[in-house]
1. Enumerate the calculated ³J(HN,Hα) couplings along segment 64-69 in order (Karplus 6.51 cos²θ - 1.76 cosθ + 1.60, θ = phi - 60°), each rounded to whole Hz, writing x wherever the residue is Gly or Pro.
2. Would you kindly find the accessible area of L37, with a 1.4 Å probe and non-protein molecules such as ligands, DNA and RNA excluded, rounding to the nearest 10 Å²?
3. Dipole size in debye (nearest 20) for the chain around its Cα centre, Lys and Arg Cβ +1, Asp and Glu Cβ -1?
4. In degrees, nearest 10, range 0 to 90: what is the angle between the Cα axis of helix 2-19 and the longest Cα principal axis of the chain?
5. For a label point 7 Å from the Cα of V24 along Cα→C-beta, name the residues of segment 61-87 whose backbone N is under 14 Å from it.
6. I'd like the antiparallel share, as a percent to the nearest 5, of DSSP beta bridges with both residues in the chain.
7. Here are labelled values, (1) 21.0, 68; (2) 18.9, 75; (3) 29.3, 99, and one is the computed Rg and Dmax of the Cα atoms in Å for what I pasted. Which one?
8. Taking segment 51-142 on its own, what percent of its Cα-Cα pair distances exceed 21 Å?
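The values are calculated or read from the model by the stated rules, or taken from the named source; none is laboratory data. Predicted model, so just to flag it, every value in this text is computed and none were measured. Quick reminder, even Gly has a Cβ in these numbers, built from the backbone with ideal geometry, and neighbours come from all protein chains shown. The accessibility values were calculated without ligands, DNA or RNA, using every heavy atom of the protein model including side chains. Shrake-Rupley method; radii C 1.70, N 1.55, O 1.52, S 1.80 Å.
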Amino acid sequence: MKLISSCTFFLVVGLALSAHAKIVRYELSIENKPINLSGKTTVDFALTVNGAIPAPILEFTEGDDAEITVKNLLPRDEVSMHWHGILVPPVEDGVPYVNTPPIFSGQSRIFKFPIRQAGTYWYHSHSGLQEQKGVYGAFIIHPKQEKIHADHDVVALISDWSDE
């Protein structure tokens, strides 16, 4: 009887803690737009996320629940989104045809997963050359308790680009 009581107690406490997790939502729209990143020429093959390259910085705090909607606004290509280094359930990992279905043209998918770690990561497409064309961004997870105080944080995301 004590075992059942202990299990029930931990189940109730666990549910209560997860019920109070803060849900942090983002919406990412992937589309093809002409862009001039080199200052030399405008290219028509770039893929933007919410109209920009790189994609927006996604920020969370350890313990949050992520809900990220990825919209595919491309006329014919499928897209994907992989959360690089993030501890997620396999179906939320974002590798198409391996553990997550691709997002087809005109469709969207909501990725839902708990934020269980802290640190600086990145997210990117796993479809074709979409990462190289602009589908990538920073993924920042702040610790629940600050260990080192900084007056100002700066995110530096480094990538290469070719107009060809």
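1. 5, 10, 8, 10, 10, 8
2. 80
3. Dipole about the Cα centre, nearest 20: 540 debye.
4. 30
5. Output list for this probe position: 61-69, 86-87.
6. On the way: 22 of 35 bridges.
The antiparallel proportion sits near 65 percent.
7. Of the labelled values, this structure produces (2).
8. Details: 1077 of 4186 pairs.
The answer is 26 percent, as a whole percent.
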